[in-house]
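The values are calculated or read from the model by the stated rules, or taken from the named source; none is laboratory data. Keep in mind it's a predicted model, so treat the numbers as computed, not measured. Every residue, glycine as well, gets a Cβ built from its backbone with ideal geometry; the counts of neighbours run over all protein chains shown. Accessible surface areas use protein heavy atoms only, side chains included; no ligands, DNA or RNA. Shrake-Rupley method; radii C 1.70, N 1.55, O 1.52, S 1.80 Å.
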Amino acid sequence: LNMDQYEAHILIVDDNRDNLIMLSTILSKTGYHVHTATDGKSAIEKINEMRFDLMLLDVMMPEMDGFSVLEVVRDKFSMMELPIIMLTAVTDNPNIIKALSLGANDYVTKPYDFSVITSRIHTQISLKKTQEALKQSEERYALAALATMDGLWDWEIEKNRIYYSPNWKKIIGYEEDELDNELNNWLDRLHPADRGTMTTAIEKMLGGIMSRFEERTFIEQYRRE
């Protein structure tokens, strides 16, 4: 039993009570908090009442099938916020493609192989936890950038994307929405006497000649020399 399982709440939606009991028993013994719904309407009511970490959703149900439930849920929650694994006895490609195109994260087919179900559940919940941790880390970074009076910038080199903190823009006399996050908005504002040296330093860092680059320290050292 790991912490992800101990804390995770799973909603199983299936009109077949035997399937509900069977899945609930297995997953409860595995360590998950299990909740159930026997139709699409009650499933939607439950997700409006509390937050779940994952949904197991049967495709074929009367009145409101799994596809319809999936569409409603995806209007409210993203694939990261609420992973959905479809339960289906139909293995033909059109139904699988339809489910994935509507926002299902994965699917399992009947009769169930419980080792496959538990493995796929664990994978989806682990991905959800990882993405949530990354989002929290990014939010903390943003808060740190707002809390400090320093001007911070972050350059994602592989994708050539750059982020300037609001204080960075404020220091050089701009409001947050007045400058795009383009690399030239930094390079074009370098003092002419420093531009060539800075460009060379950046090239050395990108080429592996320098392991670390600090704009202020580099300029001060260059001017002393």
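Observations on the structure shown:
- Restricting attention to the range 30-71, the residues that are open to solvent by 60 Å² or more (accessible area, probe 1.4 Å) and either charged (D, E, K, R) or part of a helix (DSSP H, G or I) (or both) add up to 8.
- Whenever a residue of the range 174-189 is within 18 Å of residue 160 (Cα to Cα) and modelled with pLDDT of 80 or more, its partners that are of a type in the set (S, T, N, Q) and not in a loop (DSSP other than H, G, I, E, B), lying with C-beta atoms within less than 7 angstrom and at least six residues away or across chains, give the pairs 179/185.
- Contact map, the range 66-81: first residue closer than 17 Å to residue 38 by Cβ and at pLDDT below 95, second residue open to solvent by 40 Å² or more (accessible area, probe 1.4 Å) and in a helix (DSSP H, G or I), Cβ cut-off under 9 Å, separation 6 or more or different chains; the map is empty.
- Test: residue 60 is of a type in the set (A, V, I, L, M) and over 17 Å from residue 109 (Cα atoms): no
- Looking only at residues of the range 88-115 that are within 16 Å of residue 10 (Cα to Cα) and not in a loop (DSSP other than H, G, I, E, B), we find that the one that is least open to solvent (accessible area, probe 1.4 Å) is 108.
- Candidates 104, 133, 89: the one that is closer than 23 Å to residue 31 by Cα and out of contact with any Phe, Trp or Tyr (no Cβ under 8 Å at 6 or more places or on another chain) is 133.
- Selection within the range 181-196 - within 22 Å of residue 138 (Cβ to Cβ) and open to solvent by 100 Å² or more (accessible area, probe 1.4 Å): 182
- Any hit, the range 48-55, residues being within 15 Å of residue 121 (Cβ to Cβ) and of a type in the set (Asp, Glu): yes
- Among the residues of the range 198-209, those that are surrounded by 11 or more Cβ atoms within 10 Å (Cβ to Cβ) and out of contact with any Leu (no Cβ under 9 Å at 6 or more places or on another chain) comprise 200, 201, 203, 204, 205, 206.
- Restricting attention to the range 74-87, the residues being surrounded by 15 or more Cβ atoms within 10 Å (Cβ to Cβ) and over 20 Å from residue 120 (Cα atoms) number 0.
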